[in-house]
Structures are given as C-alpha cells and as structure tokens.
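Scroll down for the structure; my scribbles are underneath it.
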Amino acid sequence: MQDDDLTIGHLQELRRGTVVLACLVRLRTADYGYALLESLNARGITVDANTLYPLLRRLEKQGLLTSEWNTDESRPRKFYRTSPAGEALAAELTADWRRLDDALTRLTTGDES
C-alpha cells in the first residue's frame, strides 16, 4: 500500500510541471476553463478541476495568461489566452522538455552518445 502511495506522489510531481506547459500551449487559442479541462483530459493530460482553476488564476496573476469575460451567452464564461510572456515561457519549457526527453531516452536505452 505504501508503495502505491509513493508512486502516486511521484507521478503527481512529474505531471505538475507538464500541466503548466500543456495549458500555455493549448491556450494559444483562447478557451474557457471547462473546455480546456476536457481538451487536456482527451489528450491524455489528466488534470482535475480543483487543480486546473487555481492554476489558471496563478498563471494569469504571473502574467503568463490573459483573460476576458464573454457575456454573449446566457452564462458568462472567462476565456483565457497565452500572453506573449506565456509564449516565451512555453518555448523555453518545450525546449527543456525535449532536452530532458532525449536524455532520459538515452539513459533508458543505454545509449551513451
């Protein structure tokens, strides 16, 4: 049982940063929270609403996302979009992700090059 808890904890740590990157990339096209949640989950990036909404607010506060309210429909929705600062961070994170993926691939396959 403890091993399962240990694994779950490490998986959560591994995924935490990937959700930030996924949001920044996905929100290059403006969308609202629930649609983003569905989109990420459909692509295999599992995140729940209790994690996503505070993350969106934090990224907005950091200047990495912009937002605006759409009141055209019966229910107002807050739409988020990646800001220029968010684009720059997404590019940097993506480059580092690729470097790490390459390094881990070499480690796991025994490739010493």
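The values are calculated or read from the model by the stated rules, or taken from the named source; none is laboratory data. Treat the numbers as computed from the prediction; the structure is a model and nothing was measured. Ideal geometry is used to build each Cβ from the backbone, glycine not excepted, and the neighbour counts take in all protein chains shown.
Brief remarks on what is shown
- In the stretch 8-35, the residues that are in a helix (DSSP H, G or I), at pLDDT 90 or above and out of contact with any Phe, Trp or Tyr (no Cβ under 7 Å at 6 or more places or on another chain): Thr18, Val19, Val20, Ala22, Cys23, Leu24, Val25, Arg26, Tyr34, Ala35
- Screening Ser113 on (1) farther than 28 Å from Ile8 by Cα; (2) in a loop (DSSP other than H, G, I, E, B); (3) small (Gly, Ala, Ser); (4) under 17 Å from the mean Cα position of the chain (by Cα) shows it passes everything except condition (4).
- Some residue of the stretch 65-77 being surrounded by 15 or more Cβ atoms within 10 Å (Cβ to Cβ), modelled with pLDDT under 95 and closer than 18 Å to Ala30 by Cβ: yes
- Top-ranked residue of the stretch 41-92 - restricted to ones that are part of a loop (DSSP other than H, G, I, E, B) and among the aliphatic types (A, V, I, L, M), ranked as farthest from Leu11 (Cα to Cα): Leu64
- Pairs with Cβ under 7 Å, 6+ apart, first in the stretch 19-36 and under 13 Å from Leu65 (Cα atoms), second part of a loop (DSSP other than H, G, I, E, B): Ala22/Ile45; Leu24/Leu64
- Matching option when the condition is in contact with a strand residue (DSSP E or B) (Cβ under 8 Å, 6 or more places away or on another chain), surrounded by 13 or more Cβ atoms within 10 Å (Cβ to Cβ) and modelled with pLDDT of 95 or more, among Leu55, Leu59: Leu59
- Sole residue being in contact with an Asp or Glu (Cβ under 9 Å, 6 or more places away or on another chain) and surrounded by 10 or more Cβ atoms within 10 Å (Cβ to Cβ), chosen from Leu37, Leu27: Leu37
- Sole residue being of a type in the set (A, V, I, L, M, F, W, C), touching a residue at least 12 places away in the same chain (Cβ under 8 Å) and touching a Lys or Arg at 6+ places or on another chain (Cβ under 7 Å), chosen from Leu56, Leu52, Leu40: Leu40
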